[in-house]
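Notes to accompany the following structure.
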Amino acid sequence: MTTEIVRWGILGTGNIARKFASGLLALPERCRLVAVGSRTRAAAEGFVRAHAPAARAHPSYQALLDDPEVEVVYISLLNHLHAEWAVRAARAGKHVLCEKPATMTAHELEQVLAAARAAQVFFMEGFLYRCHPRWAQLQALLAAGEIGELRLLHASFCFDGGHQPAGRLLDRAQGGGALMDVGCYALSWLRGLAGAEPLATSCQARLAATGVDESACGTLLFPGGVIASFTTSVRWPAPTSASIIGSSGRIEVSEPFRCTPGVAAMALYRGDALVRTMTVEDDGLTRYAREALEVVDHLHQLQSPAMSWDDSLGQARTLDALRHQAGVWWLDEGRERAIPR
Ligand SMILES: NC(=O)c1ccc[n+]([C@@H]2O[C@H](COP(=O)([O-])OP(=O)(O)OC[C@H]3O[C@@H](n4cnc5c(N)ncnc54)[C@H](OP(=O)(O)O)[C@@H]3O)[C@@H](O)[C@H]2O)c1
């Protein structure tokens, strides 16, 4: 673990970049946001003025990668740009935290990881909930046998993002679709708790006119006969929740992905009897600050146990399978392209 102050750069000036910047600013003893890169000088300067007053504004993504002060790059770009900029960042010798889903396909992720390995830089796919202590708490409950042997898992992540065919949620060219946007959370949660890759998957979807899944349901069969299901949507609002069913009890999880203090809770049942409820303590750290800490704490190990390289690869391969079963194919899929130099 490093105790030095790690110098960060952010690629992109959108919604999640703003939130992550505030997470970095909350950790002055561990992190410093030194630069922001955007497609336009105006957006970079506007972002710096509003959210990162001590940072430099770069008028291109490459200019940020060329900034020698930047040690770690947070990639907050749209899904279809993750692979290219993660590879470019690694080749520039920068550590990388990349927004979920890491890439459009497993093939792209293999190229990203090869670049990170060659450059000996850190890489992590950012799933905020994996960096929250509740994830470890949940795994500890299972390991302690609180619900017996794991049998059945379910996770749901649905919201109504509106009908904007050209927006990032529904546009195929930008890597849209429910599976890519929020279904990937449910999938990573199920795979993480099962502790293995699925032996078989199935997926049914309702496709938007743009060719991506606006909603999807899927099933997974894991080794040992553990079965799992998920529902996901970017067009239907529905409670985001999850459950874990074992041979002697079950855990109901509210807000499994946002982990909001005061709202998120886990309830442990044996039969129909509530044994206890566990809530998330508010220690003042945001999810974004926790994620940044996870990165700086594991920088020299090149990967984090919160989301290891193998975990991301298993995730990407399963996401590919589910997406194809849902009937969603990228425009250039099958014509494998190398990330340009
Ligand atoms: N972890 C989470 O909780 C969470 C939540 C939401 C989203 N995400 C992920 O974060 C990523 C960004 O999502 P977001 O909600 O921040 O999106 P957003 O607000 O639309 O921002 C995306 C950024 O990508 C850049 N970009 C590059 N080419 C673009 C194009 N052709 N059109 C529009 N923007 C373009 C833009 O930065 P410049 O203009 O500065 O170049 C833009 O600000 C996605 O991968 C998403 O899955 C994660």
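The values are calculated or read from the model by the stated rules, or taken from the named source; none is laboratory data. Since the structure is predicted, the reported quantities are computational estimates derived from the model, not experimental observations. So basically every Cβ, Gly included, is an ideal-geometry build from the backbone, and we count neighbours across all protein chains shown.
Brief remarks follow.
- Top-ranked residue in segment 111-129 [being in a helix (DSSP H, G or I) and touching a helix residue (DSSP H, G or I) at 6+ places or on another chain (Cβ under 7 Å); ranked as farthest from ARG91 (Cα to Cα)]: TYR129
- Residue match in segment 289-299 (condition: touching a strand residue (DSSP E or B) at 6+ places or on another chain (Cβ under 9 Å) and over 19 Å from LEU128 (Cβ atoms)): no
- Residue within segment 87-97 that is surrounded by fewer than 16 Cβ atoms within 10 Å (Cβ to Cβ), at pLDDT 95 or above and not aromatic (Phe, Trp, Tyr) present: yes
- Flag if ALA118 is touching a residue at least 24 places away in the same chain (Cβ under 8 Å) and buried (at least 24 other Cβ atoms within 10 Å of the Cβ): no
- Scanning segment 22-54 for residues being surrounded by 15 or more Cβ atoms within 10 Å (Cβ to Cβ), more than 10 Å from the ligand (Cβ to nearest atom), without any contact (Cβ under 8 Å) to a residue 40 or more places away in the chain and farther than 19 Å from ALA90 by Cα gives a total of 5.
- Of all the listed residues (GLU149, GLU125, GLU110), the sole one being surrounded by 20 or more Cβ atoms within 10 Å (Cβ to Cβ) and either among the charged types (D, E, K, R) or without any contact (Cβ under 8 Å) to a residue 60 or more places away in the chain (or both) is GLU125.
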